[in-house]
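Novice: Encoded as structure tokens, here's the structure I'll be asking about.
The values are calculated or read from the model by the stated rules, or taken from the named source; none is laboratory data. Please read all numbers here as calculations on a predicted model, not as lab measurements. Cβ sites come from the backbone with ideal geometry, for glycine too, and all protein chains shown count toward neighbours. Quick note on the areas: whole protein, heavy atoms, side chains included, nothing else; ligands and nucleic acids left out. Shrake-Rupley method; radii C 1.70, N 1.55, O 1.52, S 1.80 Å.
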There are 2 protein chains.
Amino acid sequence: MANGTDRPPARRPGGRSARVRARILAATAELVARDGIAGFRYEEVAESAGVHKTSVYRNWPDREELVVEALLRYAEDLASVADTGDIHRDLVEFLLALAGGLETPFGRTLEQAIYHTDESPAVRQAVARILDQRVAATRRRVDAAVDRGELPPVDSAFLGEMISGPAHLIVNRGMRPFTRVDAERIVGVVLAGLRATAPHA
Amino acid sequence: MANGTDRPPARRPGGRSARVRARILAATAELVARDGIAGFRYEEVAESAGVHKTSVYRNWPDREELVVEALLRYAEDLASVADTGDIHRDLVEFLLALAGGLETPFGRTLEQAIYHTDESPAVRQAVARILDQRVAATRRRVDAAVDRGELPPVDSAFLGEMISGPAHLIVNRGMRPFTRVDAERIVGVVLAGLRATAPHA
């Protein structure tokens, strides 16, 4: 009974049904990135995910809900900043993860949604929630560094803009790849600048 | 003869014809910002510019050329950085002009074109040229500051990314207006950080 190997696969938690949903959401993000939120087609989502299109319609009768869920699923992976005790190193890793995320179909979908201000309220709320989560994760990590005296008191939201702004610019322009050297330089200059200009420094 | 007031108005340099062209290009940028490069219509450009649509077709039989010219016209205003001798002040004014430009229909058109990598080669070249001009103007101003000893030797392209990245992020997200306080903080932290981390500092 505890073993459960004789149960049908469909009843396993995180089993076939969850995998199908994950494939549908990944396919949605890719097609939205290519065709836009108004332009992507359920038929192509089904084909790309390798499922029958009734699976897509049954789970997400509303296309806006499908888009919102695809965006939020992507965001889970990016809304965290590690705490190794070394703020420079943790922010460098965060920037590399952010840049890597921006280069994926999911990331492009999110960036495009930010620029389409005529998007539905549900989509805009989802995008705002994703951005809020990312900002909150950076703030928690920076506030911890301030508490330990690793940084002078700083505006952690401003620090987040100062490091992620240049990373967005480099990735989105696509003129050159975003590398660890870029991440190191950006974090180095911003932390040195904040230390040099802090009122208590 | 030197006076020329008896000439017909259409022959004045910079006269009616130039004004019509300017209105058409401004209307094009606004409609491309709203409807996209593939979506805007010549009829609406004509209506918005207050001209007959044959004026648009005659001057720009190719819609791609119309878009490219509208983008390049916009860029002229942004491809300069003043030189008052105070690098902090000049970069703050540049950021305020950049942010103001990004908030216009022209600026949104340009930003959207950057994100649509499936755009035609001509449009992508125009966008690249605009960005190059802006980067070159910042580099010239920063290099002058280095020559005068106002800044230590710095990578002026990197400095440009460090100040314009956060400005783009704040404007494009549209969560709050970009203010002089933002520009002062960004330039202050970046210059202090570059001075603190420069090899010769």
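Novice: If contacts are Cα pairs under 8 angstrom and at least 6 residues apart, what is the relative contact order of region A:9-66 in percent? Don't skip to the answer; put the middle values down first.
Specialist: Working: 39 pairs, mean separation 15.5, N = 58.
That works out to 27 percent.
Novice: Can you list, shortest first and in nm, the gaps between the label point of A:Arg34 and those of its counterparts in the other copies, using a point 7 Å from Cα in the C-beta direction?
Specialist: 3.1
Novice: What are the distances, in nm and sorted shortest first, from the label point of A:Ser80 to the label points of the same position in each other copy, with each label point placed 7 Å from Cα along the Cα-to-Cβ direction?
Specialist: Output for A:Ser80: 5.2 nm, nearest copy listed first.
Novice: Summarise the partner chain shielding of B:185-191 as one whole number: the mean count of Cβ atoms from other chains within 10 Å of each residue's Cβ. Before the final figure, lay out the partial values.
Specialist: Values: counts 7, 5, 1, 4, 14, 6, 4.
Other-chain Cβ atoms within 10 Å of each residue's Cβ, averaged: 6.
Novice: For chain B, what is the mean residue ellipticity at 222 nm derived from helices alone (per DSSP H run of n ≥ 4: -39500 (n - 2.57); sum divided by total residues; nearest 500 deg cm²/dmol)?
Specialist: Numbers: 9 runs with 139 residues, N = 201.
One gets -23000 deg cm²/dmol as the mean residue ellipticity at 222 nm.
Novice: Right, another one. When averaged across all projection directions, what area in nm² does the alpha-carbon convex hull of the protein assembly as shown cover? Let's see the in-between values first.
Specialist: Working: hull surface 110.1 nm².
So the Cα hull casts an average projection of 27.5 nm².
Novice: What's the buried accessible area, both sides, between B and A using a 1.4 Å probe, rounded to 100 Å²?
Specialist: Numbers: alone 11550 and 11530 Å², together 20240 Å².
Its buried surface, counting both partners, is about 2900 Å².
Novice: Taking a point 7 Å out from Cα toward Cβ as the label site, list the nm distances between B:Glu64 and the same residue in every other copy, smallest first.
Specialist: Spacings between copies for this position, smallest first, are 3.7 nm.
Novice: A further question follows. Specify whether the C-alpha gyration tensor of region A:9-66 places it in the rounded, prolate or oblate class, a ≥ b ≥ c being the square roots of the eigenvalues: rounded for a/c under 1.5, otherwise prolate if a/b is larger than b/c and oblate if not.
Specialist: Values: a/c = 2.18, a/b = 1.97, b/c = 1.11.
Prolate, because a/c is 1.5 or more and a/b exceeds b/c.
Novice: If you don't mind, there's one more thing I want to ask. Kirkwood Rh over Cα pairs of region A:65-201 into Stokes-Einstein at 25 °C, 0.890 mPa s: D in µm²/s?
Specialist: Details: Rh = 15.7 Å.
For these conditions, the coefficient is 157 µm²/s.
Novice: What number comes out for accessible area per residue over chain A if the probe is 1.4 Å? Units Å², please. Write down the numbers at each step before the final one.
Specialist: Details: 10110 Å² over 201 residues.
For chain A, the per-residue accessible area is 50 Å².
Novice: Which whole-number percent is the relative contact order of chain B (Cα, under 8 Å, 6+ apart)? Spell out each step's value before the answer.
Specialist: On the way: 183 pairs, mean separation 38.8, N = 201.
This gives 19 percent for chain B.
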